[in-house]
Each structure stands twice: as C-alpha cells, then as structure tokens.
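The values are calculated or read from the model by the stated rules, or taken from the named source; none is laboratory data. Small disclaimer: the values here were computed from a predicted structure and weren't measured. Positions of Cβ are backbone-derived with ideal geometry, glycine not excepted, and every protein chain shown enters the neighbour counts.
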Amino acid sequence: MNRTTRTTGRAATLLAAAAVATLCGTVSAQAADGPTAPASTDYAAAQQTLRSGQVHDTVSRFLTATEQRTPAAGADGGTAGAPRGVAQAPASAPGFDLKKPVPLYELAPEFVTGKTKPTAGSALRLSYLASRVSAANGHQAAVLLAPQKGGSGGQAWQLAGIRDGDADISAAERGTEQAQTFMEPQLHAWYRPVSYTHL
C-alpha cells in the first residue's frame, strides 16, 4: 500500500466519522424525522421468505461449510481428526432457528457526500431486514433479506447473504423506532444516534 492509498483511506475514515458526528447533532433536533421504518406487511413478507425452502437450504449449506472450516480441538490441545488417508464423513448441518427479522440501517451515501439535506430521515437508509440464525450447536449468524426488484402485489424480499457471527445482528436488535442503531460501512462501527452511543 503506497502513501497515497493510505492518505485516501484516512480521509475516507475522517469523512465518515464527521458524517456520524453531524448525524448525532441532527437527530436530537429532528427526532420525528427519522428513516421510514418497515411496515408490518414488510415483516410478514420477510418471514414468509425466511420460511422458504431456498433460505432453509442455503442456511444449511452455510452452517455445514462453517463446520468443515472449524476443526475440533483434540484432548492434547491439537486438532482432533482421523489419521491421514482415512476418509471422514462430511459434516452435517446442525438444526437451527430463524428469529423475527429486524431492520439493519446504515449511513446513506447521499448524506455522507452532502447530496441531500442533513436530516435524520436522509441520513440513514434501510439496507436489509436481518434474521438471527441460532444453531443447535451454538453457532450464530444473520440472514440478510433485501427488497426484491420487480415484485408484484406488494413488498417482497429475497435472500441477499449470510453474515457469520452475531456482532451485526446483536447491534441491529438493540435499535428501536425512536433510536435506530446504524452501521457506518467504512469503519464498520455501530451507533445509536439519539443517545450518542458508540456500540
């Protein structure tokens, strides 16, 4: 990485931090002008997607792949496993539950670049509806649903990805309609603007 790249990266980080500071100052004065929360029909449609066979199969494959990437520890502290040359049965996905989806907000690019008036409503955008994956073996992840383009008959949602771990979903779950938690993408930091709290 050269000096120019490092300088550009620092500038982007400072810009993002300044945007967060501006947002916090704005939200307290315009609390009623927050981002539009998902409607109850959005949640109903999202839960229908979460119950689909496609999502279930994708989460199962994700958990199986995660199990195969994480070797078990042996009694001596090393990696347990069969001797070399002995075929092992492929890992099977543990059972899992998908929780009620929650909104996942992040800073809107138009707000960061100054293309929109700095209000609480323009500062944040709904990126995904996220559902916590709680596997029987304790593994945690988040299923991300994005609005489906070209859908007919109301809002529809489609699988957009799966994030391993529970850091993002835990932060999103702490938000309320009055105090939305949100992520700053460049820093990957979570904030609750009304209480000026860095999560």
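Considering Lys100, Lys149, which residue is modelled with pLDDT of 80 or more and in a loop (DSSP other than H, G, I, E, B)?
Exactly one residue qualifies, and that residue is Lys100.
Out of region 92-111, which residues are within 18 Å of Arg174 (Cβ to Cβ), crowded, with 18+ Cβ neighbours inside 10 Å and without any contact (Cβ under 8 Å) to a residue 60 or more places away in the chain?
Scanning region 92-111 gives a single hit, Pro101.
Could you give me the residue pairs with C-beta distances under 6 Å whose first residue belongs to region 112-126 and is closer than 19 Å to Leu187 by Cα, whose second residue is modelled with pLDDT under 80 wherever it lies, and which are 6+ apart or on separate chains?
Val112/Ala19; Ala123/Leu23; Leu124/Pro35
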